[in-house]
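To start, the structure itself, in structure tokens.
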Amino acid sequence: MAGRMAAAVEESYTELEARLARIADLSRIARVLSWDQQVIMPPGGAEPRAEQLATLGRTIHEEFTAEEVGRLLEELRSYGESLPYDSDEASLIRVAEQDYEKARRVPPELTAELARAASLGQQVWVQARAESDFAKFLPALERNVELKRQYIDCFEPAEEPYDILLDDYEHAMSTAHVRAVFDRLKEELVPIIQAVAEAPPVDESFLVGPFPIELQKEALLAILRPLGFDETQWRLDPTPHPFASYSGLTDIRITTRYLEDGLMALFAGIHEFGHGLYEHQSSPELDRTTISGGVSLGLHESQSRLWENLVGRSRPFWRRFYEPFQRAFPEVLGDVDVEAFYRAVNRIRPSLIRVEADQVTYNMHVILRFELEQDILAGNVELRDLPEAWNARMQEYLGIDVPDDAHGVLQDVHWSAGVVGYFPTYSLGNVMSVQIWEALRRDLPDLDDQIEAGEFAPLREWLRDRIHRHGRKFTPQETLERAIGSTIDPEPYLRYLKGKVAELYGV
Ligand code: ZN
């Protein structure tokens, strides 16, 4: 009898695996099509590509929400629960069941309407931003928010409606928990930003270049290769908005944005490398399952920020890489020594645009959006009053006046695409990056020397073993706790930022 049960279970598990492998393949095909759209597709491809992606999206949804998948999961539940929690099989069954429950709750008509409103919203937003005309954007925003309310209503009531939106990006994290972390950041960072504003500025005059773009490409690759970028498994391309994508563990694609008057491409490239490495180092055992790859946006961002800021803006890093970098741009950097360069790339200065913000002020851009999103859902702010609410908070948190809506409430694409609950993950990533950094420094006491020697394998291996290989087996906070022994805590990050500010500004 037991033998027959085991055989039935084995058959169901093999069938579930096969179905999830098909879904994983289809999702990767969608990623390649989307990469192609953003990197090499001629503009004329936009319409057919939208149809192709919509068809794929529908197919993936139908395959995954099929009754048969529900039946298999039902049959496998007690088997999964009988296995160790951290086994690949138990995790696959458990996470697939969570994904399935969630996917089944949203009617296909609403999913289609959300996609349509997002696409229309983005088109309107591009124009509204170009003309700095919030009134033009308002109807699309109203539609997106209305649909988000309908989406929330598909689920069991949560402690706060925002929890349901946040869960899509940072599974199992509550709004109250995020608020507690952010209130602590705000309490410390607002006075720091004020103090820095009154201190003598750091010289950053040479960071406006010109840095010829062809030379930047070579310089970036010369840095990425020792970090782990290998041309047989990775690609680097230019795009207006940097991103990382992949079609498998051994096909990782990152992009960056080159501008002659700054070094954004360099740091964005290192940032996207961090995202790519997280996917690249997921366990081969989980390959072609739906639990391969990064577990959440927050943890993903912790990896990109770790490489961008904790590695890429550190002294040992520039002791390694500055000399060849300086030689590539002799006219701009010829008289700038490594210490001056280090200080400039770490400078802190309040600015209007989130994606250009420094390590300290960046978080206030995120907290501002997080607070406004909650006010919107709670009905505490009328959508038409958003520009004033935005501008008032920019003054309060960063001490700067917003000249127009293009540089204010209209600057980010997210709300135009109905993406609400996403912004907090950027700062959660910052916070977790320093917790992870502190833990790995304890295990790798020679890390600074290794970085200065251009040896990044120990760092990559630590990240792979502690975080990357687990894929989506655990919740984001479980993943963090297994890696470093504690869940999210803003104190290490605050210590790190205060250290930087004291070093650069003496405050
Ligand atoms: Zn990122």
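Tabulated values for the structure
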item: From the options 241, 271, 275, 300, residue that is within 15 Å of the ligand (Cβ to nearest atom) and at pLDDT below 95; result: 241
item: Given (1) touching a strand residue (DSSP E or B) at 6+ places or on another chain (Cβ under 7 Å); (2) within 12 Å of the ligand (Cβ to nearest atom), number of the condition residue 246 does not satisfy; result: (2)
item: Any hit, the stretch 386-400, residues being closer than 30 Å to residue 24 by Cα, hydrophobic (A, V, I, L, M, F, W, C) and open to solvent by 20 Å² or more (accessible area, probe 1.4 Å); result: no
item: Residue count, the stretch 202-225 (criterion: open to solvent by less than 50 Å² (accessible area, probe 1.4 Å) and either within 24 Å of the chain's Cα centre (by Cα) or modelled with pLDDT of 95 or more (or both)); result: 11
item: Residues of the stretch 451-468 satisfying the condition of being touching a helix residue (DSSP H, G or I) at 6+ places or on another chain (Cβ under 8 Å) and part of a helix (DSSP H, G or I); result: 451, 452, 458, 459, 460, 462, 463, 466, 468
item: Qualifying residue in the stretch 304-315 (condition: over 30 Å from residue 245 (Cβ atoms) and either surrounded by 20 or more Cβ atoms within 10 Å (Cβ to Cβ) or away from the ligand (no atom under 16 Å from the Cβ) (or both)); result: yes
item: Residue 479 being under 19 Å from the mean Cα position of the chain (by Cα), free of Cβ contacts under 8 Å to residues at least 24 places away in the same chain and over 27 Å from residue 222 (Cβ atoms); result: no
item: Residue 253 being modelled with pLDDT of 95 or more, open to solvent by 10 Å² or more (accessible area, probe 1.4 Å) and away from the ligand (no atom under 16 Å from the Cβ); result: no
item: Matching residues in the stretch 31-59 - criterion: being under 21 Å from residue 242 (Cα atoms), more than 22 Å from the chain's Cα centre (by Cα) and open to solvent by 80 Å² or more (accessible area, probe 1.4 Å); result: 40, 42, 43
item: Which numbered condition residue 480 misses (of (1) in a helix (DSSP H, G or I); (2) modelled with pLDDT under 95); result: (2)
item: Residue 409 vs. criteria under 21 Å from the mean Cα position of the chain (by Cα), over 23 Å from residue 494 (Cβ atoms), within 16 Å of the ligand (Cβ to nearest atom) and of a type in the set (A, V, I, L, M, F, W, C); result: no
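The values are calculated or read from the model by the stated rules, or taken from the named source; none is laboratory data. None of the values given here were measured: they were computed from a predicted structure. As a convention, Cβ positions derive from the backbone with ideal geometry for all residues, glycine included, and neighbour counts pool all protein chains shown. SASA here: full protein model, heavy atoms, side chains in, ligands and nucleic acids out. Shrake-Rupley method; radii C 1.70, N 1.55, O 1.52, S 1.80 Å.
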